[in-house]
Amino acid sequence: MRCTSRPLTGTALAVLCLGALAAPAAHAGESGALEVNPATATPGTKVTVSTRACGPDGHGVGDAQSLGAGDFKLRPGTPKELAVGRFTVPDHTKPGTYGIAVACDNGKTAAGDLVVEAKHDGGGHQPTRAPEHDMPHGHVKTGVGGSVGTDPARIAAGAALLAAAAGGGLWMLRRRTAGDG
């Protein structure tokens, strides 16, 4: 009569190792909300963004290139759980909704929208006309790439788990072979 606990133990060990390796990958793609203030602006307006995704005393880089404002830095704000960055809406920015994104030094990301309205000149009201449709421009945020460096500790932990699983599997196969003879 053959014992079924050994193959089941090997399978459980393999599932455990695969689950442990998947956890860091899931963490690396976490994203959060980006608070944009003011949420609606006109060209020339200074905009402040903040997020809790970067963690306490967090730093990162923001991307407002979709509206032509370029990159900006995130630094710890008040309270210190917030990372805060600032940029100015360029004078040439056309009305529309623009995506603003940040990448924190801890690997997390956050995104939000800024609505840009036409600048009012103060005299009378603006003539109404059909909305203009521009082609999208700026960076594409796909969540894949080398913007966040590798983590040697996670790589070493994953390699150790794979080695332990392989060693355990070989040990079980050897015991099984020795027991059948």
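The values are calculated or read from the model by the stated rules, or taken from the named source; none is laboratory data. On a predicted model such as this, the values are computed, not experimentally measured, just so you know. Cβ sites come from the backbone with ideal geometry, for glycine too, and all protein chains shown count toward neighbours. Remember, those area values only see protein heavy atoms, side chains included, never the ligands or the DNA or RNA. Shrake-Rupley method; radii C 1.70, N 1.55, O 1.52, S 1.80 Å.
For D71, enumerate residues with amide H under 5 Å from its amide H, sequence gap 5+ or separate chain, H modeled in the peptide plane.
A64
Roughly to the nearest percent, how much of the accessible area of segment 61-121 is carbon and sulfur, given a 1.4 Å probe? The partial results should precede the final answer.
On the way: 1580 of 3160 Å².
C and S atoms contribute 50 percent here.
Under the 0.36 nm per residue contour assumption, what length would be gained going from the current alpha-carbon distance of E81 and A166 to full extension? Numbers along the way, then the final one.
Details: separation 85, 0.36 × 85 = 30.60 nm, distance 4.20 nm.
Length gained, E81 through A166: 26.4 nm.
Could you give each residue of segment 57-66 its phi-based ³J(HN,Hα) in whole Hz, using Karplus coefficients 6.51, -1.76, 1.60 with θ = phi - 60°, and x for Gly or Pro?
Calculated HN-Hα couplings, in order: 6, x, 10, x, 10, x, 10, 10, 6, 4 Hz.
Show the residues, 5+ positions off or on another chain, whose built amide H is closer than 5 Å to the amide H of I100.
G112, D113, L114
Could you sort the peptides 59-67, 33-41, 169-177 by per-residue average Cβ neighbour count (10 Å cutoff), highest mean leading? Walk me through the numbers on the way to the answer.
Numbers: 59-67: 20.7, 33-41: 15.9, 169-177: 11.9.
Ranked from most to least packed, the peptides come out as 59-67, 33-41, 169-177.
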